[in-house]
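The values are calculated or read from the model by the stated rules, or taken from the named source; none is laboratory data. All values reported here derive from a predicted model rather than from experimental measurement. Cβ sites come from the backbone with ideal geometry, for glycine too, and all protein chains shown count toward neighbours. To get the accessible areas, we keep the full protein, side chains included, count just its heavy atoms, and leave off ligands, DNA and RNA. Shrake-Rupley method; radii C 1.70, N 1.55, O 1.52, S 1.80 Å.
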Amino acid sequence: MSGSYRVAILGATGAVGEELLTLLASRNFPMSELKLLASPRSAGTKLKFKGSELTVEAVTPESFQGIDIVLASAGGSISKEYAPHAVAAGAVVIDNSSAFRMLPEVPLVVPEVNPEAAAQHQGIIANPNCTTILMAVAVYPLHQIRPIQRIIAATYQSASGAGARAMQEVLTQTQDILDGKAPKPEIFPYPLAFNLFPHNTPINAAGYCEEEMKMVNETRKILGVPGLRVSATCVRVPVLRAHSEAINLEFTEPFPVAEARDILATAPGVKLVEDWEANYFPMPIDASGQDPVLVGRIRTDLSHANGLELWLCGDQIRKGAALNAVQIAELLVAKNWLKPGSK
Ligand code: A2P
C-alpha cells in the first residue's frame, strides 16, 4: 500500500463493501493500512486487494483505534452502534446508511453538487440514498442555470439496492421459474423475478414509502432548497444492478432542450447517451460498472411549456453508493478536511 491514510471498511463483505475495495484499489487511494470489518460470521474470510489477501475481522468498539477514515456500509443499526466509537477514536465516518442523513450537523454530500458541505462535518458525513444521488448529479447542472421549481420522479430500482443476498435472490428465483418451480421470496416480500412492485419500505400517512421520502427530503438538503417540491414513485424491478429514473422537472420559464443537452454533455459525473434515430438511450446494463450517471431522452414536457423530461440510469453500487463515498474520502484528503469543522 502507498500513502498515509489508515482506512477501515465496515461491511466489507457486502455488495457495496466489495465495490469499495475495488474502487480504493483502482483509484489508488493513498492508504498505509486497510482494515476490513464485518459481522462475526465473516471473521477470517480473506478478500483480495491489489494482488494480496486481507483478512476480515469481526467489528468491535475497539476496531477503530488508529483509523483515519471509516467507510461504513453495514446498515443503519450497525452504523448507529459503531459510528460513535469510530468518531471517539478520531476517525471520520463516511456512512452509507440512512441513520444520520437528516441530522442538521451531518453533511449530506454529493461531491459534484455540494462538496463544500463536507468541510462542516463533526466526524460523520452521510452518503445520500442511491436514487437521490443519481438524480442530484443529473439535475443540479440544470438547477444552476434555472432554479428547479418542482421534480416528479419515477424510479425503476435494481435488486442491488437491497444488498448482495437480494441480487442472488433474483437469480435463484429466475432459475426456479425457468425450472417450473415456485419462486421463494426471502429478502424481498414478493417474488421479484419476472415481476415488479412498489418499493418495499414502510409507508407514511400520506401514502409515500420511506424510499420516496428520502428522495424528497435528501434532495432538498443536498440542493439547499428546503421547500423544493418533489414527489416520487419508487419501484423495484428485476434488474441486478443499476437504477433507472424517469424525471420531470418544472422551471419558471422554458428550458430549451438544446441548451439542457449542451449543459449535461459536459456536466461532471454525467454522460449524455442519446441516439434518437436508433432509439438508443441509457439502459441499466450499460450503466452497470460505469462511474457516470447516463442521461438521455431530454425533451420538453408536452403538457407544460416550462417542463423538461429526462431519463437516467446509474450504477447503484458505484455512484449510488461506493463511488460517492470514495469521492467524499478523496475530497477530504484533497482539501485537508479530515479534522471536524475544518472550515
Ligand atoms: P456479513 O457478510 O458478515 O454479514 P449487503 O448490504 O450486501 O447485504 O452487506 C451487508 C454488510 O454488512 C456485510 O458486509 C455484512 O457482513 C455487514 N453486516 C451485517 N450485519 C453486521 C453486524 N452485525 N456487524 C457487522 N457487520 C455486519
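Of all residues in the range 293-331, those being out of contact with any Asp or Glu (no Cβ under 8 Å at 6 or more places or on another chain), in a loop (DSSP other than H, G, I, E, B) and surrounded by fewer than 24 Cβ atoms within 10 Å (Cβ to Cβ) number 3.
Each residue in the range 125-155 was checked for being farther than 20 Å from Leu323 by Cβ and either under 18 Å from the mean Cα position of the chain (by Cα) or in contact (Cβ under 8 Å) with a residue 12 or more places away in the chain (or both), and 12 of them qualify. Evaluate the range 33-46: report whether one residue or more is assigned by TED's automatic domain parsing to the domain that holds Met102 and in contact (Cβ under 8 Å) with a residue 40 or more places away in the chain. Checked the range 33-46: no residue is assigned by TED's automatic domain parsing to the domain that holds Met102 and in contact (Cβ under 8 Å) with a residue 40 or more places away in the chain.
Under the condition of being near the ligand (Cβ under 10 Å from one of its atoms), open to solvent by less than 40 Å² (accessible area, probe 1.4 Å) and part of a loop (DSSP other than H, G, I, E, B), the residues counted in the range 12-32 number 2.
Residue check: is Lys48 more than 14 Å from the ligand (Cβ to nearest atom) and not aromatic (Phe, Trp, Tyr)? So Lys48 passes the test. Ile9 meets the conditions (1) over 19 Å from Pro340 (Cα atoms); (2) assigned to a helix (DSSP H, G or I) in every case but one. The failed one is (2). Considering only residues that are out of contact with any His (no Cβ under 9 Å at 6 or more places or on another chain) and open to solvent by 50 Å² or more (accessible area, probe 1.4 Å), look in the range 60-77 and name the one that is farthest from the ligand (Cβ to nearest atom). Applying the filter and picking the extreme gives Gln65.
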